[in-house]
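What follows is a short report on a single structure.
The values are calculated or read from the model by the stated rules, or taken from the named source; none is laboratory data. Since this is a predicted model, take the numbers as computed values, not measurements. Note: ideal-geometry Cβ built from the backbone for every residue, glycine included; neighbour counts use all protein chains shown. Keep in mind that these areas ignore ligands, DNA and RNA; they rest on the heavy atoms of the full protein, side chains included. Shrake-Rupley method; radii C 1.70, N 1.55, O 1.52, S 1.80 Å.
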There are 2 protein chains.
Amino acid sequence: MIRNVTLAEVAREAGVSPSTVSRILNGTARVKDDKEQSVRRAIDRLGYRPNAFARSLATGASGSVGVLTQDIASPFYNDALSGIERGLMGSGYSPIIISGHWRTDEEEHAVELLLARRVEALIVLGGELPDDELRSLADRLPVAVLGRPLDLGSYGGASIALNNRQAARDLVTHLLDRGHRVIGHIMGLADQEDAQERLGGYREALESRGVAYVPSLVVQGDFREPSGLIGMQRLLAAHPDITAVFCANDQMAYGARLALYRLGIRVPEDVSLVGFDDLPGSCYTTPPLTSVRQPMEEMGQWLARFVLGRLLGEAVPPFEPKLELQLRESVASRRP
Amino acid sequence: MIRNVTLAEVAREAGVSPSTVSRILNGTARVKDDKEQSVRRAIDRLGYRPNAFARSLATGASGSVGVLTQDIASPFYNDALSGIERGLMGSGYSPIIISGHWRTDEEEHAVELLLARRVEALIVLGGELPDDELRSLADRLPVAVLGRPLDLGSYGGASIALNNRQAARDLVTHLLDRGHRVIGHIMGLADQEDAQERLGGYREALESRGVAYVPSLVVQGDFREPSGLIGMQRLLAAHPDITAVFCANDQMAYGARLALYRLGIRVPEDVSLVGFDDLPGSCYTTPPLTSVRQPMEEMGQWLARFVLGRLLGEAVPPFEPKLELQLRESVASRRP
DNA sequence: CTGTTAGCGCATTCAA
DNA sequence: TTGAATGCGCTAACAG
């Protein structure tokens, strides 16, 4: 609405040259105190705010790193976003966040936008962008990817992916240790790699204990609550003797929990339940849910540090995300 | 890493003038087909991407609207963010999101950053920014505020605030209707207006039914789960005869729920529980939680539309957010 | 220590 | 329909 004040106007108002004002703003060189004072006063008086665009244009540095997330309302990725925010804090860089909604076209558009805004680095949280595209991006700027087993090392990028299979195996092994033998699995979207890996871990755990894999003990879900509820109903219908269920994520476990509640089946006395992701709410469900925690926040922070490191030419110590089993009250030993 | 291709290079490669390329890019004027073709080819060949900064500098329009949220990981505001994203979609504007973490200094810094990035409008989600500051901002650009009862009308801004008091009154009246008389309240941060309003609604509901307000039935919380757990313990200690509890938000209700579970007190048979906000998870708690839904997503969408309207000089129909009571199984009639 | 000059990459006059 | 020239607001040499 109101035209913005420019540096030149400040200079005139203060009776100095534009460069002097610039120097004061950026601390590029020492300036006599009296001039500094009058410039600062002029800035206040005029309500001057530097134009980031002009600055970026002149310096060739945007001071921003692009973040491609999937859903700004996803509790899952948002922890990583917090971490990124924290990791960037105080670095002079700020994040520009865009959501791709797991749709390749939207993601590509988002990347275009970020590139147009001349982000100096890119952090990608999951998504469907083809590996090749990520690689060619990593060719142009520092790229860090979360949740995809992608080798970007030779391109100057980094990717951290979780060992979903291992974690799922640990979780199911825990159930086996507690004496469970009829263990159901509500799996995630079949075409998503995470879902496949978690299913794989489930199978491996069973096999390593010599428990037969029964296809009808696995039902399809879509990572959301309603599918957990339905999945649980189907499992109970097919296997009334089921004593434990491994849900491919916590959200589906919530749905499963509700299905059991509605049927008057107790957790964990009658059926034990485990999830995956350890959402913030999972220690406050009734009973608190056994799950496996992905250190999203730490991962986000590391991603930020990684790209900062590349930007500043510093080495960044590698990061070994640790999946931690969170053993809570939703699992009981099977009664003999 | 790799220097970016400029429009001038494209022009040279295509054998035309920079202005021609610009015209093609922006559709500012008709250009002969053959030139257009060769320019498009040059763009592809060189991998040219327009520099958003240079463009903004030249046009004076940034194409972005600033969004000040509080916590990028807050499920509460994130629904509004989704709405904003949706409301902006296809408008040519894109959001720049920064978190203020309910700290005035951080929020001010965030606003500085947004203003430096020359956002054309500002959307503020809650926060602690002084009203005056918001008003003076609304003086410079379109501003839309969520969750604060602030009159920005004369400044060309808009603010939508929820009638927290009314909703709280409805919720508590619902409990009274179900026969409850000893009703506790776990309140939010005492210095936050929402918390005060919800407490006010609680009192009003009681008084309108001639039920005495008992100070010891109100305990302090901070809007987070642990405080709900502790609050519930304290309420039970002071009032073993309590039959219902109104938590100032769902997160605290989750905590309260867990406290009851640990003590073997049943919900809703022994104690009824209600929350506030209707988080996505609240229909999947056991039992599902009675709460009041704030249409965050719709509000976000409206906020976006509002600032767009102001930007484009179009009128935007006013918005009347409706708080909807979500009656679920966490409330039972008091047994006679 | 400070002012002058010359771009940064693009859109947009104004002529042609 | 097109090109040349100018300026957006700022920083960074380069002189002084």
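For A:Ser91 and B:Asp170, what is the calculated FRET efficiency with R₀ set at 60 Å and r taken between the beta-carbons, to the nearest 0.05?
The computed FRET efficiency comes out at 0.80.
Treat each spin label as a single point 7 Å out from the Cα along the C-beta direction, and report the B:Asp44 to B:Leu263 distance in nm.
So the two model labels end up 7.1 nm from each other.
In whole Å, how far is the Cα centre of region B:176-220 from that of region A:81-114?
Here the answer is 42 Å between Cα centres.
Mind listing the long-range amide H neighbours of B:Val67? Cut-off is under 5 Å, sequence gap 5 or more, other chains count too, H placed in the peptide plane at 1.01 Å from N.
B:Ile96, B:Ile97, B:Ile98, B:Ile123
Please give me, ordered by residue number, the GluC sites (Glu not before Pro) of region A:255-336 that lie in loop per DSSP and have at most 11 other Cβ atoms within 10 Å.
Filter output for region A:255-336: A:Glu269, A:Glu314.
With the cut-off at 1.5 for a/c, could you classify chain B from its C-alpha gyration tensor as rounded, prolate or oblate?
It comes out prolate by the Cα gyration axes.
Cut-off 10 angstrom, C-alpha nodes, Gaussian network model of chain B. Which of B:Leu46, B:Leu189, B:Leu146 fluctuates the most?
So, out of B:Leu46, B:Leu189, B:Leu146, the one fluctuating most is B:Leu46.
Karplus couplings for region B:33-50 from phi (6.51 cos²θ - 1.76 cosθ + 1.60, θ = phi - 60°), rounded to Hz, Gly and Pro as x?
Listing the rounded values in order: 4, 4, 5, 4, 4, 5, 5, 4, 5, 4, 4, 4, 4, 7, x, 6, 10, x Hz.
Which shape class applies to region B:86-163: rounded if a/c is under 1.5, otherwise prolate when a/b exceeds b/c and oblate if not, where a ≥ b ≥ c are the square roots of the Cα gyration tensor eigenvalues?
In terms of gyration-tensor shape, rounded.
Ordering B:His101, B:His180, A:His109 by how much accessible area each has at a 1.4 Å probe, largest first, what is the list?
A:His109, B:His101, B:His180
Quick one: grab the alpha carbon gyration tensor of the protein assembly as shown, order the square roots of its eigenvalues as a ≥ b ≥ c, and give me rounded if a/c is under 1.5, else prolate or oblate depending on whether a/b is larger than b/c.
Oblate is the answer for the protein assembly as shown, as a/c is 1.5 or above yet b/c matches or exceeds a/b.
Using the Cα centre as the reference, give the magnitude of the dipole from point charges on the C-beta atoms of the protein assembly as shown (Lys, Arg: +1; Asp, Glu: -1; all else neutral), rounded to the nearest 20 debye.
Dipole size: approximately 520 debye.
On a 0 to 90 degree scale, rounded to 10, what angle separates helix B:104-116 from the longest Cα axis of chain B?
With both axes taken from Cα atoms, the answer is about 20 degrees.
Once every DSSP H run of n ≥ 4 in the protein assembly as shown is given -39500 (n - 2.57) and the sum is divided by its residues, what mean residue ellipticity at 222 nm do you get, rounded to the nearest 500 deg cm²/dmol?
-14000 deg cm²/dmol
Please give the net charge around A:Glu36, taking every other residue with its beta carbon less than 12 angstrom from that of A:Glu36, where Lys and Arg add +1 and Asp and Glu add -1.
Value of the local net charge: +4.
Grab the alpha carbons of region A:1-158, take their convex hull, and tell me the volume per residue in Å³.
147 Å³
With a 1.4 Å probe and all protein chains kept in place, how much accessible area does A:Arg55 have, in Å² rounded to the nearest 10?
We get 100 Å² for A:Arg55.
Points 7 angstrom from Cα along the Cβ direction at A:Ala54 and B:Ala54: gap in nanometres?
Rounded to a tenth, the inter-label distance reads 1.8 nm.
Using R₀ = 22 Å, calculate the FRET efficiency as 1/(1 + (r/R₀)^6) where r is the Cβ-Cβ separation of B:Ser216 and B:Asp191; round to 0.05.
Once the sixth-power term is evaluated, E becomes 0.55.
Let me check something: with ligands and nucleic acids excluded, how do B:Thr173, B:Thr290 order by accessible area (1.4 Å probe), largest to smallest?
Descending accessible area places them as B:Thr173, B:Thr290.
With charges only on Cβ, +1 for K and R and -1 for D and E, what is the dipole size of chain A about its Cα centre, in debye, rounded to 20?
Roughly 960 debye, rounded to the nearest 20.
Which percent of the accessible heavy-atom area of chain B goes to carbon and sulfur, probe 1.4 angstrom?
The value for chain B is 50 percent carbon and sulfur by accessible area.
If you count, for every residue in A:58-67, the Cβ atoms of partner chains within 10 Å of its Cβ, what is the mean?
Going residue by residue through A:58-67 and averaging, the value is 2.
Before I look further, what does region A:170-250 give for accessible area per residue, probe 1.4 Å, in whole square angstrom?
So region A:170-250 comes to 40 Å² accessible per residue, rounded to a whole number.
Between chains A and B, what is the buried accessible area summed over both chains (1.4 Å probe, protein heavy atoms, nearest 100 Å²)?
5100 Å²
Just to be sure I understand the model, the point goes 7 Å from the Cα along the line to the Cβ. What's the resulting B:Leu325 to A:Glu112 distance in nm?
5.0 nm
About the Cα centre of region A:180-336, how large is the charge dipole given +1 on each Lys and Arg Cβ and -1 on each Asp and Glu Cβ? Please answer in debye to the nearest 20.
Roughly 500 debye for region A:180-336.
Rank these by accessible area, largest first, 1.4 Å probe: A:Val316, A:Val274.
A:Val316, A:Val274
Which residues does a label at B:Arg135 reach in region B:160-187, if reach means a backbone N under 17 Å from a point 7 Å past the Cα toward the Cβ?
B:160
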